[in-house]
Amino acid sequence: MSLLRCSSCGTTNRVPPPQPGRAAICGKCKTPLDPSASANTGPISVTDNTFADEVERSRLPVLLDLWADWCGPCHMLAATVAQVSAELAGKVKVAKLDIDQNPNTANRFGVRSIPTLLILKDGREVDRLVGVQPKQEILRRLAQVLGS
């Protein structure tokens with residue numbers, strides 16, 4: 001068995017080894033799964049152009065990491081964000097947006113400091129964390145959104 005993450009809804013699916021003539025599909029949303037994305041439980045990269053499709057239309061709550069390559073604290077937080085992504089795969093979609101390459105989205109949310117973590121549900125911001133945060137605090141905030 002291997003794990004494949006659905007690019008549409010974020011659900012992690014257990015799938016048997018590939019069989020000729022049989023395509024794996026997501027058990028939740030029935031979207032065909034991409035075998036090249038096996039075990040991809042890490043954050044996805046979004047841009048100003050893909051933000052609406054990947055974040056606003058997501059069926060799952062989204063943890064959006066707004067960062068920049070030159071930002072030391074952003075690099076410190078990256079490992080924590082990756083851990084949260086793996087732990088909450090299928091429950092929360094985790095995305096990263098480079099604010100230098102995608103200023104429109106950063107401006108739209110009034111981001112003035114990085115790293116900034118936005119929690120979005122149904123395309124709307126429901127919570128914001130600014131600066132390096134401990135994993136437990138990020139998980140606590142996400143649990144409030146998930147209702148658990």
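Please treat every number below as a calculation from the coordinates, not as lab data. These numbers come from a predicted model, not from an experiment. For neighbour counting, all protein chains shown are included, and Cβ atoms are generated from backbone atoms with ideal geometry for every residue, glycine included.
Observations
- Note: relative contact order over region 44-146, using C-alpha pairs below 8 Å and six or more positions apart, is 37 percent.
- Semi-axis lengths, Å, the chain, gyration tensor of Cα atoms, sqrt of 5 times eigenvalues: 28, 16, 15
- Considering only trypsin sites (Lys or Arg not before Pro) in DSSP loops that have at most 12 other Cβ atoms within 10 Å, the longest stretch of the chain without any of them is 58-111.
- Nearest-20 debye value, the chain charge dipole, Cβ charges on Lys, Arg, Asp, Glu: 620
- Phi to ³J(HN,Hα) by Karplus 6.51 cos²θ - 1.76 cosθ + 1.60 over region 84-90, Hz, x for Gly, Pro: 4, 4, 5, 5, 10, 3, x
- Quick note on region 109-148: its Rg to Rh ratio, both from C-alpha atoms and Rh being the Kirkwood radius, is 0.97.
- Remark: region 38-82 is approximated by an ellipsoid whose semi-axes, taken from the C-alpha gyration tensor as √(5λ), come to 20, 14, 9 Å, largest first.
- DSSP bridge pairs, the chain: antiparallel proportion in percent, nearest 5: 70
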